[in-house]
Each structure stands twice: as structure tokens, then as C-alpha cells.
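Note sheet for the following structure.
The values are calculated or read from the model by the stated rules, or taken from the named source; none is laboratory data. Please read all numbers here as calculations on a predicted model, not as lab measurements. Every residue, glycine as well, gets a Cβ built from its backbone with ideal geometry; the counts of neighbours run over all protein chains shown. All accessible areas refer to the heavy atoms of the entire protein, side chains included, with ligands and DNA or RNA removed. Shrake-Rupley method; radii C 1.70, N 1.55, O 1.52, S 1.80 Å.
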Amino acid sequence: MKKFQLNEKQLGYAMILPSLLLVIVVTLWPVAQSFYNSLFDYRLNDPTRSQKMLNANIDLERYVDNYFYIEGQLSDLEGNAEGDQLEVVQQARETIEGYHQELTSDGEINTKIEQIDEMLMNFEPISDAELKYTEVDNDFASDYRSALENIAAEFQSIAEATDNEQLAQSFEQTGSLLAGTSDNILESNFIGFANYIKYFQDQRMWQSLWNTFYFTVVSVGFELVLGLAIALLINRAFKGRGIVRASVLIPWAIPTAVAAMMWGFLYDGQTGIVAHYFEKLNMIPSASWLLSTSDGGMFAIIFADVWKTTPYMALLLLAGLQTIPNSLYEASNVDGANKWQQFFKITLPLLKSAILVALLFRTLDAFRVFDLIYVLTGGGPANATESISVYAYITLFSQQNFGAGSVLSVIVFLCVALISFIYVRLIGSDLFAGRTK
């Protein structure tokens, strides 16, 4: 029998399959999860929206606990109320018991209620989400919720109208309990693309996106020019070159959060030495300008980022310079070419691939900037330096709005994917020239 054998193309796909699986698990799966979260009004700081629900649900832990007290308070009201008030209480009891019986007519839900009731009697916490929450029919949930809200409003009206202070207090407490119980009946928080529509109309989102693009373009541009100059310098042979190369990399080796805190002290309008000398050199209008104005804040974070990340750019370009044969420069010297001609005719063309790779890495890294801005300016003043990543962090973790924050995360991913596509397919297509099809 002929042995199984892969052709060259199939073998290539087989070789990269583990990497593809790793990309799917590490990158694409979290993005897909964020996209799914963005379709819900999902907020951890709101008990009614703390779960992703395609259908209506009931928080059985709170419902069972409240129902126990509702029965007792309704019984007390029946013993104290008279006339029309008693009739209202009796009708309320019949309505609530009718909905409760309809709910417990489902055997599975009734079993959960009995189990939760026993756990509450033993003061045991309900940590199982499958037990705590249960799906119910959307129409039933809406009707039951409306009935509880209406009864609560009616009890509140009676409390305000009655002259008996003790009876009024009982009606008010029962009404508040019924209103709280209605909140335990959770409506579906699936909202589709409403979050996306909201943020595409959000001026703060567009401002943070513009801040991110501006920071990326300006900082990466300066880093490319300075990094290329440094790479050309340390690529030459001179005494102490090893020490110079090591010292150049020191800013890049410092953790970004530490560097941001350091620059915060240097930019301080009262004691910052950098702010002081910038003012003396007439580079800025005043020492406090750097961290107290929108233009100054943007200048401050760009200057700090250029200082920290230029060595990384220089390192990548230095690796590209060392692949250029010296024989080309020797031949050009024989032909009478000067240094500028050698730079534009030999160095830049042969360094193009390294420049594109360096630009790709730095652009993607700069667009996702978070720690530098968060530590140095916090996105201020007045959100003037807030990047899209900082905005997403504030929405996700400070406000605990996971639905809206996931929208911003997806927007960041789409922007990064677009940047990668532009570099690889439009600008850097020559990197893949000569590949086997």
C-alpha cells in the first residue's frame, strides 16, 4: 500500500497548525467572548444585570427570602386593616399567591425553591449560579413584575392617606418589600447592537480614539527618526561601543509604570526639574503647563514615551543594519559615492524590511498604550489624554459595566487588526515577495 504523504502545501499548514490553535485560544476566543458580552447590558454593580440573560430570570435566593416575609406582613395587615383597606390586602394576597403557585407548578423550579429555602433556614450562602437563577417565561415575568409594582404603589398610596401611623408604616414597609421583590424578577438584558450604536454616537469615545491615533502617529514618528539615528551611531566601530549600546537600552528596560511615575515627578510644576528647565528654555509657557493643560498633557506623555521606547526601535533597526554587507559600501566608495548617497541608495532600501517590522511592532504597541497614560495623567486633564484602552479600563473595572466596556475592547481589537492589515498587505507586501504559492 502507498504510504500516506502530505504535499508541500499541506505540510506547511500542518506545521503552523499548533500556532493557529494557540492564536485561536489566546487571542480570538477572548475577543469572541468580549463581542458576546457587548451584546448585553451586563453590569456587575447592578444586581438586576449581573448575569447575561437571553430570557427572563428570577433571583430565587432573594425571591424566596422576600416571599417568606411578604406572607407574614400580609397576614399582619389583614389583622389590622378594615373596610376597603382589608379588601385591597386580600386581593393583593390572592394575586401574589396565584403567581407564586404558577411559578412553583414547574417541578424543577419548585425543587430549587425548596432547596434554597432549606439553605436559608440553615444560614448557608447560595454560591451556585445554576441554583440561584432560573429562567422563566418572558410574559409571566413581565406580568408578575408589573403586578408587584402595582400593588407596591397601591400600598404606598394607602400609607400616605391613612391617619393610623402604625398601620401606615406597615403598609409602607410591605410596599417597599414588594417593590424590592419585583426587582428580583430579572428581565432579559440582551440588547443586541445597542451598545455599539451608543458608542458610535459617544463624543468621548471618538475623542479617546483621536487621542490614541495622535499619540501613536507622533510618538512612533519621532521614535523612528531618533531610533534610526542611534542605530546608525552604535552600528559604527568605536572605543566603548559595548558600554554605549548597553546604556542606550536602559530606558527601555525600566518598567513603564515606574518610568511614568518618575516622569510625573520630573514634570511637576513645583519641584519638577524637567518642567523647570523646559520653562527656562522657553519650550513651554510655564512649569505647570505640562500636567495641567490638554496640550501639555499630550506633550508630556509623548515625550516620556519617546524617551522610553526609542531604544527598542534602535535595537530593531540595528539588527537590520548588521545584515547589510560592508562590501556594498566599499564598492560605492570606489564609485565616488558620498555618505548621503550611500544612505539613500544603499542603507534605506536594504533597511526597508527592518523599518516596516519595527514600525508594525511599535505602532501596535503604541495604539494599545495604557500604563503610561494611566499612571502619568490618568487620562486628564478633562479626558484630554485619555486613550481608548484607558477608557475601556475605566468602563470595565471602575464602573464595572462589562457590556459597554466589551464594546470598547472590540473597537480596540478592530483598530489593531486594521493597522496590521494595512502594514502587512499594503505597505509591507514586499516582505513576503518570492513566497511559494
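A few comments on the model shown:
- Qualifying positions in the stretch 265-321 - in a helix (DSSP H, G or I), within 13 Å of Leu376 (Cα to Cα) and more than 29 Å from the chain's Cα centre (by Cα): Leu266
- Test: Asp65 is among the acidic types (Asp, Glu) and under 22 Å from the mean Cα position of the chain (by Cα): no
- Residue selected from the stretch 234-246 under the condition part of a helix (DSSP H, G or I) and surrounded by 12 or more Cβ atoms within 10 Å (Cβ to Cβ), by the criterion nearest to the chain's Cα centre (by Cα): Arg245
- Subset of the stretch 17-26 [aliphatic (A, V, I, L, M) and either modelled with pLDDT of 85 or more or within 14 Å of Leu414 (Cβ to Cβ) (or both)]: Leu17, Leu21, Leu22
- Once the stretch 27-43 is narrowed to residues that are assigned to a helix (DSSP H, G or I) and of a type in the set (A, V, I, L, M), the residue that is nearest to Leu414 (Cα to Cα) is Val31.
- Note on the stretch 53-91: residues that are open to solvent by less than 70 Å² (accessible area, probe 1.4 Å) and over 18 Å from Ser170 (Cβ atoms) amount to 11.
- Selection status of Ile158, of a type outside the set (Asp, Glu) and either open to solvent by 60 Å² or more (accessible area, probe 1.4 Å) or assigned to a helix (DSSP H, G or I) (or both): yes
- Filtering Phe171, Phe215 for residues that are farther than 30 Å from Asn138 by Cα, touching a helix residue (DSSP H, G or I) at 6+ places or on another chain (Cβ under 8 Å), in a helix (DSSP H, G or I) and open to solvent by less than 40 Å² (accessible area, probe 1.4 Å) leaves a single hit, Phe215.
- Phe222 vs. criteria touching a residue at least 60 places away in the same chain (Cβ under 8 Å) and open to solvent by 20 Å² or more (accessible area, probe 1.4 Å): yes
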